[in-house]
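Participant: Mind having a look at this structure? Questions to follow.
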Amino acid sequence: MKLPLKVQLISNGQSEGRGIGVYEQNLIKALENKNQVTFVKSNPDLIHYAFFDLFKPTLKIDPQIPTIVTIHDLTPLVMANRYPKGLRGILNLFRQWLTLSKSSAIITDSECSKKDIQKYFWIPENKIFVTPLATNDLYKTKVTDRQKEQIKKKYNIPDHFILTVAASPNPNKNLPSLAEVTERIGIPLVIVGRGMNQKFTMPVHPELIDLVRLGVYQHLIRLDNVPNEELLVFYKLASVYAQASLYEGFGIPLLEAMTAECPVVSSRSSSLPEVYGSETITFNPKSLKSMEKAFKKFFKLTASQKEEYIKKNSERSKDFSWSKTADATISVYKNLYEKF
């Protein structure tokens, strides 16, 4: 096999800094470091769509060139009742599915997403490859007491709070349930994410209903677009990080918290058990009682127990790296190129 392989990586050009943007930026850098791939804009050996839009006709498959598509998750299909599609969306979904079925291989973030792709798109198991994600090395760095005080002052953050990070207020994040439980136990909840303070008019779009529901709670601190450098400090300040999701294709914020040595309490749904450690305190995200019980269990830990708890999750976070993601991706490239 000739190396390096010439790969045309097609980006969606969005979500810079979080989500899909993080995947694309870090994957490209990690692949370049391996010296087995070179990125080109024409005459490639392989084409890799680094994103997949369910409801927009973004895919084009050239039958003469092996084509790989990354699908991070199928949240709008798994939670179809909370993500209305409309006629145009349904038609585009059908078109995307037809084109996807002609692709050479699919890359996804977790075994959970792999099963969903098989279930909803009828894609053969041997065409789907799992390449787990990782976090930015930034979250491994230390912060000073001065940095902590600056962030507390800038955002008016209390000494004791629960933190959650959501790319958006979408229904899968389960934010109203988390807000309800944190109110019950009397601890402020800091929610960091894009669009958390956006204005809306009634009737609100179904995907934003949870944003409306959050409006009844007075103990919330909602922050939009916090830079990663500051988010690191939030992880260091938080009493605990909470991942309350009903569904996730992977769960990068959970891994970020673990990497930053912030204790975590997590939903045990979808892909999240593939990320957190075996001894993590977890809950059923559909049960407020289960969630409340998990937080109370965490806050009963002694200082030494908490230290050991953080250490174990920090060690677990080291199982993930962009280098490993790149190795797994290159393996898919080589396997596909040899067989095409």
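The values are calculated or read from the model by the stated rules, or taken from the named source; none is laboratory data. No experiment lies behind these values; they were computed from the predicted model shown. Ideal geometry is used to build each Cβ from the backbone, glycine not excepted, and the neighbour counts take in all protein chains shown. Only protein heavy atoms, including side chains, enter the accessible area calculation; ligands, DNA and RNA are left aside. Shrake-Rupley method; radii C 1.70, N 1.55, O 1.52, S 1.80 Å.
Participant: Just want to confirm a number: the relative contact order over the chain, from Cα pairs under 8 angstrom separated by 6+ residues, in percent.
Facilitator: Normalised by residue count, the contact order of the chain is 17 percent.
Participant: May I ask which residue of Ser290, Thr302, Leu254 lies farthest towards the positive end of the charge dipole of the chain, with charges of +1 (Lys, Arg) and -1 (Asp, Glu) on Cβ and the Cα centre as origin?
Facilitator: Ser290
Participant: Now, a different point. Which value results when the Cα radius of gyration for the chain is divided by 2.2 N^0.38 Å?
Facilitator: Compared with the compact-globule rule of thumb, the chain sits at 1.03.
Participant: Right, next: Taking the Cα centroid of segment 144-210 and of segment 235-255, what is the distance between the two, rounded to the nearest whole Å?
Facilitator: 12
Participant: Keeping every protein chain in place, order Phe299, Phe94, Phe51 by accessible area at 1.4 Å, biggest value first, i.e. largest first.
Facilitator: Phe94, Phe299, Phe51
Participant: Excluding residues fewer than 8 places away in the same chain, name every one of the lysines whose C-alpha is closer than 28 Å to that of Lys311.
Facilitator: Hits, sequence-local ones excluded: Lys140, Lys142, Lys148, Lys152, Lys173, Lys236, Lys289, Lys293, Lys296, Lys297, Lys300, Lys324.
Participant: I would also like to ask the following. Among all the lysines, which ones have a C-alpha under 20 Å from Lys60's C-alpha, if same-chain residues fewer than 8 places away are not counted?
Facilitator: Leaving aside lysines fewer than 8 places away in the same chain, those within reach of Lys60 are Lys6, Lys41, Lys102, Lys127.
Participant: Now, a different point. Pairs of Cα atoms under 8 Å, at least six residues apart: use those to get the relative contact order of segment 1-159, whole percent.
Facilitator: Computed over segment 1-159, the figure is 18 percent.
Participant: Roughly what % of Cα-Cα distances in segment 39-80 sit above 16 Å, to the whole percent?
Facilitator: 46
Participant: Report the trypsin sites (Lys or Arg not before Pro) located in segment 177-239 that are in a DSSP loop and have at most 10 other Cβ atoms inside 10 Å of their Cβ, or state none.
Facilitator: Sites meeting the loop and neighbour criteria: Lys199.
Participant: Could you work out the equivalent-ellipsoid semi-axes for segment 39-172, taking the square root of 5 times each eigenvalue of the Cα gyration tensor, largest first, in whole Å?
Facilitator: 37, 21, 14
Participant: May I pose another question? Which order do Tyr333, Tyr155 take by accessible area at a 1.4 Å probe, largest first?
Facilitator: Sorted by accessible area, descending: Tyr155, Tyr333.
Participant: Still on this structure, I have one more. Can you pull a Stokes-Einstein diffusion coefficient for segment 223-280 at 25 °C (0.890 mPa s), Rh from Kirkwood over Cα pairs, as a whole number of µm²/s?
Facilitator: Estimated diffusion coefficient is 208 µm²/s.
Participant: Normalised by the residues of segment 248-340, what does the relative contact order come to in percent, with Cα pairs under 8 Å and at least six apart?
Facilitator: Normalised by residue count, the contact order of segment 248-340 is 30 percent.
Participant: Using DSSP to define loop residues, name the trypsin sites (Lys or Arg not before Pro) in segment 85-171 whose beta-carbon has at most 16 other beta-carbon atoms within 10 Å.
Facilitator: Lys85, Lys102, Lys142
Participant: To continue, here is another question. Looking only at Pro253, Pro63, Pro169, which one moves most when the chain is put into a Gaussian network model with springs between Cα atoms under 10 Å?
Facilitator: Of Pro253, Pro63, Pro169, the most mobile in the Gaussian network model is Pro63.
Participant: Quick check of the Kirkwood formula: for segment 186-340, what is the inverse mean of 1/r over all pairs of different Cα atoms, in Å?
Facilitator: Over segment 186-340, the inverse of the mean reciprocal pair distance is 17.7 Å.
Participant: In 5 Å bins starting at zero, report the fraction of Cα pairs in segment 112-255 per bin as a rounded %.
Facilitator: 2, 8, 17, 19, 18, 14, 11, 7, 4, 2, 0
Participant: Continuing with this model, one more query. Given R₀ = 22 Å, what would the calculated FRET efficiency be for Leu208 paired with Lys286, taking r from the Cβ atoms and rounding to 0.05?
Facilitator: 0.60
Participant: In deg cm²/dmol, rounded to 500, what helix-only [θ] at 222 nm does the chain give when every DSSP H run of at least 4 residues adds -39500 (n - 2.57) and the total is split over its residues?
Facilitator: So the helix-based figure for the chain works out to -12000 deg cm²/dmol.
Participant: Dipole of segment 204-261, Cα-centred, from +1 at each Lys and Arg C-beta and -1 at each Asp and Glu C-beta, to the nearest 20 debye?
Facilitator: It works out to roughly 220 debye.
Participant: Hey, can you list the DSSP H helices of the chain whose Cα span along the axis is 20 Å or longer and whose average Kyte-Doolittle score is at least -1.0?
Facilitator: 20-34, 86-100, 322-339
Participant: OK, next. Using a 1.4 angstrom probe on the protein heavy atoms only, line up Ser290, Ser103 by accessible area, largest first.
Facilitator: I get Ser290, Ser103, largest accessible area first.
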